[in-house]
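Q: What follows is a structure written as structure tokens; I'll ask about it next.
The values are calculated or read from the model by the stated rules, or taken from the named source; none is laboratory data. Treat the numbers as computed from the prediction; the structure is a model and nothing was measured. Cβ: placed from backbone, ideal geometry, glycine included. Neighbour counts: every protein chain shown.
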Amino acid sequence: MALVLNIETATTNCSVSLSKDGETLVLKEDNSSGYSHAETLHVFIDEVFKLSKLKPSEIDAVAISKGPGSYTGLRIGVSSAKGLCFALNKSLIAVDTMKSLAHQVKTEEGFIVSMLDARRMEVYSAIYDSKLELHREIKAEILSEDSFAELLNTSKVYFIGSGVDKTKKIIQHPNAVFIEGKLPSANEMGELAELKYEKSDTEDVAYFEPYYLKEFIALKKKN
């Protein structure tokens, strides 16, 4: 039974929530196309506490969406979460970004593919069954007409996340269901954070790092 501050910055959606016993109490987010995390994250954190009429010292833990996702977005979120944990002497909980995203899909059949847009025709994806249990681990993959064919030929497959726009242009299958306009959100993090808190499944605040999946590549400016 915990009061948790949840922070999601893995994509363009800057999202913060307060959850109690796994249920969202207050949610603030901005899923506009630009990355505004550096400017808005701490504003949203302040606002969720004001709206809930709770004090930061009252929380039991801080949950952070651990990735994969935007390198810069993840760094900003993790740095903020660590700072709060150190200042308030609270536990840090890492929530799987892909599993949190999959929790937005409600189905009793088939599979859920959480996917985040990567470069060109590449996506980061993970596959879950209808009970939200992991069916295939997270990996980076190049999309083709045959992607996910083994699943599509046997059951409904629900695609969700920022990788959907490019996927629906490539995969044409009657069993493919594309859920558009959805990004990882702090709204789904509370339930997952609560489960981890109950098991004391927390992170070492000093040494925790986001899950980037791929190494960050800095592009040099052309002369």
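Q: For the stretch 169-182, name all the residues that are in contact (Cβ under 8 Å) with a residue 12 or more places away in the chain and in a loop (DSSP other than H, G, I, E, B).
A: Correct list: Ile170, Ile171, Gln172, His173, Asn175, Glu180, Lys182.
Q: One residue is enough: does the stretch 87-104 have a residue meeting the conditions within 26 Å of Arg136 (Cα to Cα), surrounded by 20 or more Cβ atoms within 10 Å (Cβ to Cβ), modelled with pLDDT under 95 and of a type in the set (A, V, I, L, M, F, W, C)?
A: no
Q: What single numbered condition from (1) modelled with pLDDT under 95; (2) under 30 Å from Glu203 (Cβ atoms) fails to hold for Arg120?
A: Here Arg120 clears every test but (2).
Q: So, one more: Let me confirm something: among Leu213, Leu116, Leu151, Leu195, which residue is among the aliphatic types (A, V, I, L, M) and either in a loop (DSSP other than H, G, I, E, B) or on the phi > 0 side of the Ramachandran plot (or both)?
A: The unique qualifying residue is Leu213.
Q: Test Val205 against the criterion of being modelled with pLDDT of 95 or more, touching a Phe, Trp or Tyr at 6+ places or on another chain (Cβ under 8 Å) and farther than 22 Å from Ser114 by Cβ, and give yes or no.
A: yes
Q: Separate question: Show me the strands (runs of 3 or more DSSP E) entirely contained within the stretch 1-57 in which 3 or more residues are assigned by TED's automatic domain parsing to the domain that holds Ser79, surrounded by 19 or more Cβ atoms within 10 Å (Cβ to Cβ) and small (Gly, Ala, Ser).
A: Details: elements: 3-8, 14-20, 23-30.
Because the criterion is at least 3 residues that are assigned by TED's automatic domain parsing to the domain that holds Ser79, surrounded by 19 or more Cβ atoms within 10 Å (Cβ to Cβ) and small (Gly, Ala, Ser), the strands (runs of 3 or more DSSP E) in the stretch 1-57 that meet it are 14-20.
Q: Every residue in the stretch 58-91 that is in a loop (DSSP other than H, G, I, E, B) and of a type outside the set (Val, Ile, Thr), please. So that I can check it myself, show each step before the final result.
A: Here is the first cut: in the stretch 58-91, the ones in a loop (DSSP other than H, G, I, E, B) are 59-60, 66-70, 89-90.
Answer for the stretch 58-91, where residues must be in a loop (DSSP other than H, G, I, E, B) and of a type outside the set (Val, Ile, Thr): Asp60, Lys66, Gly67, Pro68, Gly69, Ser70, Asn89, Lys90.
Q: Additional query: Closer than 28 Å to Lys28 by Cβ, in contact with a Ser or Thr (Cβ under 9 Å, 6 or more places away or on another chain) and hydrophobic (A, V, I, L, M, F, W, C): which single residue out of Val177, Val205, Val164 fits that description?
A: Only one candidate qualifies: Val205.
Q: Further, regarding this structure: With the requirement that a residue be out of contact with any Cys (no Cβ under 9 Å at 6 or more places or on another chain) and under 13 Å from Ser15 (Cα atoms), what does the stretch 40-63 give you?
A: Within the stretch 40-63, His42, Val43, Ile45, Asp46, Glu47, Val48, Ala63 meet the criteria.
Q: Which residues, counting only those in the stretch 121-138, are without any contact (Cβ under 8 Å) to a residue 12 or more places away in the chain and under 18 Å from Gly69 (Cβ atoms)?
A: The answer is Glu137, and nothing else.
Q: Phe159 - would you say it is crowded, with 20+ Cβ neighbours inside 10 Å and on the phi > 0 side of the Ramachandran plot? Steps first, answer last, please.
A: Values: crowded, with 20+ Cβ neighbours inside 10 Å: yes; on the phi > 0 side of the Ramachandran plot: no.
When the stated conditions are applied, Phe159 does not pass them.
Q: I've got another one for you. Out of (1) assigned to a loop (DSSP other than H, G, I, E, B); (2) out of contact with any strand residue (DSSP E or B) (no Cβ under 8 Å at 6 or more places or on another chain); (3) not β-branched (Val, Ile, Thr), the odd one out for Gln104 is which?
A: Looking at each condition in turn, Gln104 falls short on (2).
Q: In the stretch 171-218, how many residues are farther than 22 Å from Lys131 by Cβ, surrounded by fewer than 17 Cβ atoms within 10 Å (Cβ to Cβ) and acidic (Asp, Glu)?
A: 4
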